[in-house]
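Before any comments, here is the structure.
The values are calculated or read from the model by the stated rules, or taken from the named source; none is laboratory data. Quick caveat: nothing in here was measured; it's all calculated off a predicted structure. All Cβ positions, even for glycine, are placed from backbone atoms using ideal geometry, and neighbour counts span all protein chains on display. These area figures cover heavy atoms from the full protein model, side chains too; ligands, DNA and RNA do not enter into them. Shrake-Rupley method; radii C 1.70, N 1.55, O 1.52, S 1.80 Å.
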Amino acid sequence: MLRSKQKWLFYGLYTAAVVIFFLYYLFPSKAVEAYIVSAVQRVRPGAAVSIGRISPAFPPGIRASAVSLSDSEALEVSLDHIRITPQLRTLFGSAERVLTFQGRGYDGSITGRMALDRQRSLQRLHADFSDLQIGRMAPVQHLSGRSVSGRISGTIDVEGGDPDLRMTATLAASDVRIGLDIPGVPVKELTFSEANARLTAANAANLRMESLTAKGRQVNGNMAGAIRLVSPYPRSILDLAGAVRPHPSFISELGSSLAVLFRSRGGNNTFPFVVKGTIESPEFLLR
């Protein structure tokens, strides 16, 4: 009896080893990669997808490493790895395919879920991200035209795809540093201990900044308005307004000529402003 149990245990282990071998060493990674690329391009036409390695994961799903998604306008998302797991009950007889995902990128974590229709078009997406390093995000540096660093966390909810995309995002950043290069201004960097923003989009062409507040050692500020997205993205049109309140210590750092401008307001150091122009060439005007 004992020998019979040992025999079946051996067969079970042997079978498991064979299954693992076929899954990991004969896994059709190229076919799976082609399917993923096709699905992504249905959601984002024209996107380029690069995947370093794909392997099966348990519970049933896939794990991809060295993943990047980019388009022709230098916008890019890069992940060290991501694990995608389908909800099995949605694979049979359901109008939607629901996938959950979790990954690492920019030294932070990303988790969420998405729903695709039978044509693999995006229906809904919810993502949570935590402690992403802004300094490692090439699009931020590219679009801002200056050095930006800090950590950012938040959530993003998306319904539909181009051109009927609807989006809501809540963002919270900390330890933000923004490089300055303004002629005649000795301060070369602004720092913010925290910044919070809420963004919405009613379609793929119009992004609205519902609110942005920032608190720092040098200045506090707020801003809201709209950004009309065009191609290429650096030419997107800005229509923003807000106010900035510099702290007295910051005013003293500006030098005597600029400090006179601030002190001439009789103690009212809140400065309303508007931002027009484009992302690549913004026009900052005090009101």
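Name every residue in the range 110-120 that is open to solvent by 40 Å² or more (accessible area, probe 1.4 Å) and not β-branched (Val, Ile, Thr), in order of residue number.
Residues satisfying the conditions are Arg113, Met114, Arg118, Gln119, Arg120.
Return the residues of the range 126-149 that are of a type outside the set (Gly, Ala, Ser), open to solvent by less than 40 Å² (accessible area, probe 1.4 Å) and in contact with a Gly (Cβ under 8 Å, 6 or more places away or on another chain); say none if nothing qualifies. Working first, answer last.
Kept after step one, since they are of a type outside the set (Gly, Ala, Ser), are these residues of the range 126-149: 126, 128-129, 131-134, 136-137, 139-143, 146, 148.
Of the ones still in play, those that are also open to solvent by less than 40 Å² (accessible area, probe 1.4 Å) are 129, 132, 134, 137, 139, 148.
The answer is Phe129, Leu132, Ile134, Val148.
Go through the range 98-118 and report how many residues are aliphatic (A, V, I, L, M) and in contact with a Phe, Trp or Tyr (Cβ under 8 Å, 6 or more places away or on another chain).
Kept after step one, since they are aliphatic (A, V, I, L, M), are these residues of the range 98-118: 98-99, 110, 114-116.
Narrowing the set further to residues that are in contact with a Phe, Trp or Tyr (Cβ under 8 Å, 6 or more places away or on another chain) leaves 110, 114.
Of the residues in that region, 2 qualify.
Only one of these conditions is not met by Asp164: (1) outside any strand (DSSP E or B); (2) touching a Pro at 6+ places or on another chain (Cβ under 7 Å); (3) not β-branched (Val, Ile, Thr). Which number is it?
Of (1) outside any strand (DSSP E or B); (2) touching a Pro at 6+ places or on another chain (Cβ under 7 Å); (3) not β-branched (Val, Ile, Thr), only one is false for Asp164: (2).
Just the residues that are closer than 22 Å to Thr278 by Cβ, open to solvent by 70 Å² or more (accessible area, probe 1.4 Å) and touching a residue at least 24 places away in the same chain (Cβ under 8 Å), please, taken from the range 206-235.
Result: Ser231, Arg235.
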